[in-house]
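What follows is one structure encoded as structure tokens, with my remarks underneath.
Laboratory data are not the source of any read-out in this text; all were calculated from the coordinates shown. As the structure is a computational prediction, the values presented were derived from the model and not from experiment. For neighbour counting, all protein chains shown are included, and Cβ atoms are generated from backbone atoms with ideal geometry for every residue, glycine included.
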Amino acid sequence: MSRLDRSRTSAHQLRPFFSSQNLLNRADGSAQFDFGGSSVMCSVVGPAEVKLRDEKLDKATIEVVVRPLVGLPGIKDKAREQAIRETLEPLILSGLHPRTSIQIVIQTMKDDGSILATAFNATILALLDAGIPLKSILGAVTCIVDSETNQILLDPTTQELANAKSTHTFVFDNKSSITSTDNKQQEDKESVDVATLYSDSTGLFSEEEYFECAQICYKAAQAIHGFIRTAVQKKLEKEQQQIDS
Amino acid sequence: MASITTEEESKLLIVLPGDQLPESGLMEDSSAAHRLTLGPGLAPMDDDSITAVKAGILKHNAVGNRWWVESNQRRYVAAQGESIIGVVTGKSAEHYKVDIGASQPALLGVLAFEGATKRNKPNHNIGDLLYCRVSMANKDMEAELECMNPTTGKADGFGELKGGFVIKISLGLARRLLDPKNLVLRLLGQHIPFEMAVGTNGKVWVNSASTQHTILICNAIRNSEYLNSGECSAMVKSLVEKM
């Protein structure tokens, strides 16, 4: 089965990912994450001084700002801000930095579908770069159910999104691999359920379709976790090379 | 969650937030009275496991069974006992307010200097640069500083930094500059006489006989962060030759 995106042969193939950390000079942490033609840049400032109005006595105030590709932020961007903030709030150990602010700014650089997933992945890389204490890392993937073939396509492009019957974005943490390795044979719905940090679905879909999407995205998220690990490892090795030699 | 094996197969043991430390590995030396000291980047979780909360290199010191994560960041979070460089931003009857690059300004008592008394104490103005020690750091309170060694009451090199130039670098690079074997500083020292103070808050003060030399040293330090030994010597050589 061929895809509208000619560069890929399989329905469950992700586009090539790319990431780069520590790009911005004045932010405390920054990262760029690309899924093929989609690119998102994220900057993190914090733990920094907090405005008295936003101050929380027992934890850090987490602020997320989403900037669209062009023009001013609209309703869609505000919804994304809320989704990302509510996913990150339990992930960031904000109790370690009370009465501070952690500001996360997400800027879309190129849009070719799956922007929310790209933004999540860019954000986690920027948070790692900034050294913000986290409970775990995350990996985000989008998939669609094609309206003509009823096939599940992973990491859709803008063109493929136009043909979607339903769109699903999932975010998984890296804590769940314990359950999946313990019972490799029965990677059932429960093991996915444990790991889900965020799930967003639009369109018409059945329960089976939803869980199938979750399962496929969960597997793809493992690849993203691995990629994040490699990216961090490369950066650390570069920093350490003078000491080793 | 990917559990970490304590096999010594790779020199760098990289951990990411969410990675659990195996309990067996933590208690490898039973003689140490089963005490465990966790440093930065590690935290006990609700399920009694010990988990990394920062991305970095897992380090271990057998003395006291200490474990910590060596990570790099740009934002300073005050920690007791560290030497830092700050700028005076305010002054009251009892305290100086000092900007140390953390989320809040730190407090420096006007009497926290060598030999300071109520009648005779050093006077610093807004904008002065101070090399000081963090005497108290707590996540819920502003950090407190002092400009003397608390055991001897001597200045021990702490105090105002006059002249020179300050640059901001990453905290990881600042820690590496404190290593006596640091390559870029040794190479620079072969060509140019200079003095410097490294604050673990990522601020570095450099002073030399001429402004040109100071700028060169600052640039060389900044450039050295992601270079290996060979590239570092070539970089310093080309900078010195261009002078």
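Shape of segment A:55-122 from its Cα gyration tensor (a ≥ b ≥ c, root eigenvalues): rounded if a/c is under 1.5, otherwise prolate when a/b > b/c, or oblate? Don't skip to the answer; put the middle values down first.
Working: a/c = 2.78, a/b = 2.09, b/c = 1.33.
In terms of gyration-tensor shape, prolate.
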Evaluate the distance, in nm, between pseudo-label points positioned 7 Å from the Cα of residue B:63 and of residue B:207 along their respective Cα→Cβ axes.
3.3 nm
Per-residue average of Cβ from other chains inside 10 Å of B:49-60
4
Can you list the GluC sites (Glu not before Pro) in segment A:39-98 that are in a DSSP coil and have 16 or fewer other beta carbons within 10 angstrom?
A:49, A:55
Label-reachable residues, segment A:65-83, where backbone N falls under 12 Å from a point 7 Å from residue A:158's Cα toward its Cβ
A:69-70
Where the only charges are on Cβ atoms (+1 Lys, Arg; -1 Asp, Glu), what is the dipole of chain A about its Cα centre, to the nearest 20 debye?
680 debye
Within 10 Å of each residue's Cβ, count the other Cβ atoms and sort A:169, B:152, A:142, B:200 from fewest upward.
B:152, B:200, A:169, A:142
So for segment B:165-242, using the alpha carbon gyration tensor with a ≥ b ≥ c as root eigenvalues (a/c under 1.5 gives rounded; past that, a/b versus b/c decides prolate or oblate), I'd call it oblate
Explain nothing, just the number: dipole magnitude of chain B about its Cα centre with +1 on each Lys and Arg Cβ and -1 on each Asp and Glu Cβ, in debye rounded to the nearest 20.
1180 debye
How far, in degrees from 0 to 90, does helix B:229-242 lean away from the longest principal axis of the Cα atoms of chain B, to the nearest 10?
10 degrees
Dipole of chain B (Lys/Arg Cβ +1, Asp/Glu Cβ -1, origin at the Cα centre): which of B:44, B:62, B:230 lies farthest to the positive side?
B:230
Mind giving me the nanometre distance, one decimal, between the label points for residue A:207 and residue A:241, set 7 Å out from Cα along Cα→Cβ?
5.5 nm
With a 10 Å Cβ neighbour count serving as the proxy for reagent exposure, in which order, fewest first, do B:188, B:239 appear?
B:239, B:188
Please give the helix B:211-223 orientation as an angle from the longest Cα principal axis of chain B, in degrees from 0 to 90, rounded to the nearest 10.
10 degrees
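Treat the count of other C-beta atoms within 10 Å as a stand-in for reagent exposure and order A:88, B:38 from fewest to most.
By the 10 Å Cβ count, ascending, the order reads B:38, A:88.
Hey, got a sec? Which GluC sites (Glu not before Pro) in segment B:29-137 land in a DSSP loop and have at most 13 other Cβ atoms within 10 Å? The partial results should precede the final answer.
Values: sites: B:70, B:82, B:94, B:114; in loops: B:82, B:94, B:114.
In loop regions of segment B:29-137 (DSSP not H, G, I, E or B), the sparsely surrounded GluC sites (Glu not before Pro) are B:94.
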Working from the pairwise distances between different alpha carbons, so that the mean of 1/r is found and then inverted, what is segment A:17-244's Kirkwood radius in Å?
18.3 Å
Across all directions of projection, what mean area in square nanometres is found for the Cα convex hull of chain B?
16.6 nm²
For the charge dipole of segment A:73-186, defined by +1 on Lys and Arg C-beta atoms and -1 on Asp and Glu C-beta atoms about the Cα centroid, which residue among A:106, A:169, A:157 has the Cα displaced farthest towards the positive pole?
A:106
Which is farthest toward the positive dipole end of segment A:199-245 among A:230, A:203, A:242, measuring Cα position about the Cα centre, with Cβ charges +1 (Lys, Arg) and -1 (Asp, Glu)?
A:242
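If a/c stays under 1.5 just call it rounded; otherwise compare a/b with b/c (prolate if a/b is bigger, oblate if not). Do that for the protein assembly as shown, with a ≥ b ≥ c from the square roots of the Cα gyration tensor eigenvalues. Write out the running numbers ahead of the final one.
Numbers: a/c = 1.90, a/b = 1.82, b/c = 1.05.
It comes out prolate by the Cα gyration axes.
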